[in-house]
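Participant: Please read through the structure below; I'll follow up with questions.
The values are calculated or read from the model by the stated rules, or taken from the named source; none is laboratory data. Since the model is a prediction, treat every value here as computed from it, not as a measurement. All Cβ positions, even for glycine, are placed from backbone atoms using ideal geometry, and neighbour counts span all protein chains on display.
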Amino acid sequence: MKWQNINHLSVALLVGSFFIITCKHELPGSISGGGDASSGGGSLLPTQTTNCSTDTTYFVNEIQPIINSSCSMSGCHDAVTRAEGVELTSYAKIIRYVSPFNLSSSKLYTECIKTNNDRMPPAPMPALTLLQLTKISKWINQGAFNNQCTGGCDTTNFTYSGAVRIMNDTYCKGCHNPASLGGGIDLSTYASLKVQAANGKYLGSIKHSSGFFAMPKGGSKLSDCQIRQVEKWIQAGMQNN
């Protein structure tokens with residue numbers, strides 16, 4: 001995978017490369033600073049919090065969890081590994097590969113939609129879902145702001161397809177799939193997720209209960225509403241609905 005800085009600034013090319021089995025890319029360009037303030041988006045100001053709107057995609061609520069799960073895990077683009085010099089652990093690091101309001105010039109997106117072996121996440125890791133790609137594209141086209149919202153969750157929605165699967169794909173699947181079995185646990189399919197839900201490990205982990213590994217690893221605890229959605233789905237029989 002070839003990463004390049006897309007900001008309108010002078011760049012200094014990094015030299016050398018190394019290879020990670022699960023993250024094999026060509027060496028990216030580097031920049032000083034982050035964001036694309038000249039375009040009016042991608043502000044590096046403190047996170048802006050508003051009430052949730054269905055018309056807006058939010059970095060903290062939706063984009064960062066996808067990247068945490070599928071890109072910035074150990075062995076790839078975390079702060080320790082920094083595969084090919086790319087770190088995607090924070091807004092300031094992520095915005096370096098985004099051109100606000102310009103999807104086609106945003107490497108964060110264009111690398112994810114490739115269909116060959118250069119796509120991100122690299123095979124055999126699962127590709128991002130259509131819903132995840134749609135969220136990333138919408139966030140970029142809206143200015144790629146460092147934003148978050150509150151109040152957008154609805155506990156009356158607790159179906160697998162409408163709530164649990166989306167939540168699992170966003171926060172868990174990237175680290176728990178056949179190509180990357182974090183803790184030896186697979187959460188990539190309905191059947192495998194149901195096993196962990198039935199034995200209590202899934203709910204115990206997302207609730208940060210004593211005796212369980214707190215999940216999502218390296219991320220914020222899910223909201224009480226999200227946890228309640230999972231809880232209600234389990235109580236209703238863990239249907240594939």
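Participant: Is it the case that the range 163-178 has a residue that's acidic (Asp, Glu) and over 14 Å from the mean Cα position of the chain (by Cα)? Write out each step before concluding.
Facilitator: Here is the first cut: in the range 163-178, the ones acidic (Asp, Glu) are 169.
Imposing the further condition that a residue be over 14 Å from the mean Cα position of the chain (by Cα) reduces the set to none.
No, because not a single residue in the range 163-178 is acidic (Asp, Glu) and over 14 Å from the mean Cα position of the chain (by Cα).
Participant: Now a separate question. Being touching a residue at least 24 places away in the same chain (Cβ under 8 Å), at positive phi and of a type in the set (A, V, I, L, M, F, W, C) is true for just one of Ala144, Ala163. Which residue is that?
Facilitator: Working: Ala163 fails: at positive phi.
The match here is Ala144.
Participant: Which residues, taken from the range 155-181, are of a type in the set (Val, Ile, Thr) and either part of a strand (DSSP E or B) or within 19 Å of Gln64 (Cα to Cα) (or both)?
Facilitator: As a first pass, look at the range 155-181 and keep what is of a type in the set (Val, Ile, Thr): 155-156, 159, 164, 166, 170.
Val164, Ile166, Thr170 - these are the residues of the range 155-181 that are of a type in the set (Val, Ile, Thr) and either part of a strand (DSSP E or B) or within 19 Å of Gln64 (Cα to Cα) (or both).
Participant: Which residue pairs have Cβ atoms closer than 6 Å, lie 6 or more positions apart in sequence or on different chains, and pair a first residue in the range 225-241 that is free of Cβ contacts under 8 Å to residues at least 40 places away in the same chain with a second residue that is surrounded by 17 or more Cβ atoms within 10 Å (Cβ to Cβ) and in a loop (DSSP other than H, G, I, E, B)?
Facilitator: Matching pairs, first to second residue: Ile227/Lys207.
Participant: Name the helices (runs of 4 or more DSSP H) wholly inside the range 44-154 in which the number of residues that are charged (D, E, K, R), surrounded by fewer than 22 Cβ atoms within 10 Å (Cβ to Cβ) and outside the structural domain of Asp224 (by TED's automatic domain parsing) is 1 or more. Let's see the steps before the verdict.
Facilitator: Values: elements: 64-70, 91-94, 107-110, 130-141.
Output list reads 91-94, 107-110, 130-141.
Participant: Which residue pairs have Cβ atoms closer than 6 Å, lie 6 or more positions apart in sequence or on different chains, and pair a first residue in the range 75-97 that is modelled with pLDDT of 90 or more with a second residue that is part of a loop (DSSP other than H, G, I, E, B) and polar (S, T, N, Q)?
Facilitator: Leu88/Ser72; Thr89/Ser72; Tyr91/Asn146
Participant: If we keep just the residues of the range 208-239 that are of a type in the set (A, V, I, L, M) and within 23 Å of Cys71 (Cα to Cα), which is surrounded by the most Cβ atoms within 10 Å (Cβ to Cβ)?
Facilitator: Just the residues of the range 208-239 that are of a type in the set (A, V, I, L, M), to begin with: 214-215, 222, 227, 230, 234, 236, 238.
Checking the rest, the ones that are also within 23 Å of Cys71 (Cα to Cα) come to 214-215, 222.
Details: Ala214: 14, Met215: 24, Leu222: 22.
That would be Met215.
Participant: Which residues, taken from the range 182-207, are surrounded by 17 or more Cβ atoms within 10 Å (Cβ to Cβ) and in a loop (DSSP other than H, G, I, E, B)?
Facilitator: Correct list: Ile185, Asp186, Leu187, Ser188, Lys207.
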